[in-house]
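Worksheet for the structure shown next.
Every number here is computed from the coordinates shown, using simple stated rules; none is lab data. Just so you know, these numbers come straight off a predicted model, no measurement behind them. Cβ atoms come from the backbone with ideal geometry, glycine included; neighbour counts cover every protein chain shown.
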Amino acid sequence: MENIRNPHLTRDNNLDKTEESMETVIRMTEALQAGSNDMAAHFHEDFHWMANKGCGTKNGIREFRRNWQLPLRAAFSDRSYHEEARLAQGEWVSSFGYIDAIHSGEFMGIAATGKRVKIKYVDFWKVRDGKISDNWVNVDFPSVLAQLGVDVFNGNGWEKYDEGRVEPPRPAED
């Protein structure tokens, strides 16, 4: 089905798959939130996980589990997941929310502090043949680090404008 409202959407996003894609992601998120280790039930063996700087890129279930899921669980315990919204269109599903957890293991070189943190995220999943084939992720690690007392922007984040500490620059033509 062609999307006549937005002809720029790629034609390989089958809009008839919206409900099926949503159900696939619901099953996956419920299983992971319950602590499931059965990744093959939800992800293609060769799926791709692509994230912002600091989180890395994972190719396949083994890398995802070894280099993301287990280190996250080692660094943060007593995790609860709070999904704020989930949206679907065709073979794509997205959600955003946060993980509430205790910093109980090493994270980015910081020893366990015992502090409770909020780990904000946005996920985009591509579903193919009833399993997730691609996962684009943004995890707000700068915010987590700030909660642990580390300002990765060394006071130069644009919050300095929001807080009125520095006048924002303007382009010459404005």
> Under a plain spin-label model, where a point goes 7 Å from the Cα along Cα-to-Cβ, how far apart in nm are R27 and L148?
Replying inline: 3.5
>> As an exercise, identify the trypsin sites (Lys or Arg not before Pro) in region 33-88 lying in DSSP coil whose Cβ has no more than 11 other Cβ atoms within 10 Å.
In response: K53
> With a sphere of radius 13 Å drawn around the Cβ of K160, what net charge do the other residues whose Cβ falls strictly inside it have (Lys, Arg +1; Asp, Glu -1)?
Replying inline: -4
> For region 15-141, what relative contact order do you get, as a whole percent, if you take Cα pairs closer than 8 Å and at least 6 residues apart?
Replying inline: 28
> Gain in length, N138 to D100, computed as 0.36 nm per residue apart minus the alpha-carbon separation, to one decimal in nm?
Replying inline: 12.1 nm
> Rounded to the nearest 5, what is the percent of antiparallel bridges among the DSSP beta bridges in region 15-141?
Replying inline: 85
> What's the local net charge at N37, with K and R +1, D and E -1, over the other residues with C-beta under 13 Å away?
Replying inline: +3
>> Taking a ≥ b ≥ c as the square roots of the Cα gyration tensor eigenvalues, with a/c under 1.5 meaning rounded and otherwise prolate when a/b beats b/c, else oblate, which class fits the chain?
In response: oblate
> By counting other Cβ atoms within 10 Å of each Cβ, how are I99, I110, I119 ranked from fewest to most?
Replying inline: I110, I99, I119
>> Take the chain, mark every one of the GluC sites (Glu not before Pro) that falls in a DSSP loop and has at most 11 other Cβ within 10 Å, then report the longest stretch left between them, sites excluded.
In response: 3-162
